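Enquirer: I have a structure I would like to understand better, so I am pasting it below and will then ask my questions one at a time.
Bear in mind that the values in this text are calculations on the coordinates, not laboratory data. In this text, all values refer to a predicted model and were calculated from it rather than measured experimentally. Using ideal geometry, Cβ is built from the backbone for each residue, glycine included, and neighbour counts are taken over all protein chains shown.
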Amino acid sequence: MSKRSWVCALAALGALVASLTAPGLASAQTGWVTTSDSARLYYRIIGHGPDTIIAIHGGPGLDHESIYGDFKPLAEHHVVIFYDQRGGGKSSLPKDTTKLFAARQVQDLDDLRKHFHIEQATLVAHSYGPLLAGSYALAHPANVKRMVFFGPVPPYRGEFNRRYGASLNSRLDSAQQARSGAASRRMADTSLSEAEVRKACREYWSIGVRQRLAEPNRTSPLVKSDFCATDLAGIRYGRRIGNPVIMASYGNWDLRPKLKSLNVPMLIVHGEQESIPMDMVEEWATSMPHARLIKVPNAAHFTYLERPELVWPAVEKFLSGGG
């Protein structure tokens with residue numbers, strides 16, 4: 001083999017090795033990030049592209065599996081880092097619940113960003129996730145490139161809990177409410193086997209997802225994410241401890257005054273049949289100087305599944321800097 005052939009062969013081998021270790025690897029990479037207070041955050045990376053997205057799941061107390069299967073279109077053009085927030089999934093489940101508070105969740109997100117050497121991250125968040133993302137952007141505005149919010153909780157508490165709960169409950173009849181309650185109790189029953197608990201979890205979320213769709217009968221195969229795939233300990237802790245403690249730590253939140261000076265481009269995508277009140281969500285757009293709201297017809301909490309032909313092209317245009 002000539003010297004030139006050897007050089008070409010070595011170059012090809014180097015390119016292959018680089019492709020197998022690059023952040024944009026098509027098959028998922030998984031691991032843990034150790035935070036500044038020695039907790040562990042579980043992560044999964046997929047996709048390829050010139051920029052990096054951090055995907056922020058809802059809950060709180062859920063895990064990245066709740067969005068992983070349905071956010072995969074993002075991986076066609078971007079590197080996407082999913083992670084389990086502290087207090088759910090495979091991440092740390094602390095005995096000291098003060099370590100779950102909102103300020104700590106914000107710091108965890110920054111620790112994740114630093115671990116992957118991301119100078120400016122694009123944040124794509126769903127449901128509760130935008131409250132965390134918005135809080136992070138206010139604390140670290142220079143570290144955020146863009147944000148996309150799907151079905152966000154409002155930037156202020158107001159009457160959100162009452163209005164959201166009433167709307168959500170109105171979508172279930174008495175039999176569905178009874179089945180949902182029974183499944184929730186079985187999830188907390190420590191005498192049941194893992195298989196029985198996962199079955200109860202899937203029954204609970206089969207009802208929970210249906211009531212969050214504009215057309216409930218489209219549940220399967222519409223939703224590809226699995227709310228019950230993670231470690232059983234994370235499911236139980238997140239539901240029993242993580243959710244109430246983290247949410248309570250935000251208190252009577254109101255981000256609106258500070259959002260007025262946040263110069264981060266943001267796209268809000270909200271379904272017109274969503275239980276989270278549209279007029280409250282509009283406050284994200286009216287409070288920020290560079291925010292735009294898309295109201296999606298015939299969609300509720302999962303706009304990216306219910307109207308993908310409208311949502312994903314708009315999101316990709318925004319992420320590419322097209323407004």
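Enquirer: Could you give the dipole magnitude of segment 34-114 about its Cα centre, charging the beta-carbon of Lys and Arg +1 and that of Asp and Glu -1, in debye to the nearest 20?
Expert: On the way: 10 positive and 11 negative charges, 50 e Å.
Here the size comes out at about 240 debye.
Enquirer: Further question on the same structure: Quote the charge dipole size of segment 106-250 about the Cα centre in Debye, to the nearest 20; the model charges only the Cβ of Lys and Arg (+1) and of Asp and Glu (-1).
Expert: 360 debye
Enquirer: Given 10 °C and 1.306 mPa s, compute D for segment 55-212 with the Stokes-Einstein relation, Rh being the Kirkwood radius over Cα pairs; round to the nearest whole µm²/s.
Expert: Reported coefficient: 91 µm²/s.
Enquirer: Once you charge only the Cβ atoms, +1 for Lys and Arg and -1 for Asp and Glu, what is the size of the charge dipole of the chain about its Cα centre, to the nearest 20 debye?
Expert: 280 debye
Enquirer: Please quote Rg/Rh for the chain to two decimal places, taking the Kirkwood radius as Rh and restricting both calculations to Cα atoms. Provide the component values of the computation, followed by the final result.
Expert: Working: Rg = 20.4 Å, Rh = 20.5 Å.
So for the chain, dividing Rg by the Kirkwood Rh gives 1.00.
Enquirer: Please return the longest stretch of the chain lacking exposed loop sites, where trypsin sites (Lys or Arg not before Pro) count only if DSSP places them in a loop and at most 14 other Cβ atoms lie within 10 Å. Each step should come with its number before you reach the end.
Expert: Values: sites that count: Lys95, Lys224, Lys260.
Looking at the chain, 96-223 is the longest stretch - no exposed trypsin sites (Lys or Arg not before Pro) with at most 14 other Cβ atoms within 10 Å.
Enquirer: Let me ask something else about it. Rounded to whole Å and sorted largest first, what semi-axes of the equivalent ellipsoid does the C-alpha gyration tensor of segment 196-323 yield via the square root of 5 times each eigenvalue?
Expert: 29, 22, 13
Enquirer: Could you tell me the number of lysine pairs in the chain with C-alpha atoms less than 26 Å from each other, where the two lysines are 8 or more residues apart or belong to different chains?
Expert: 27
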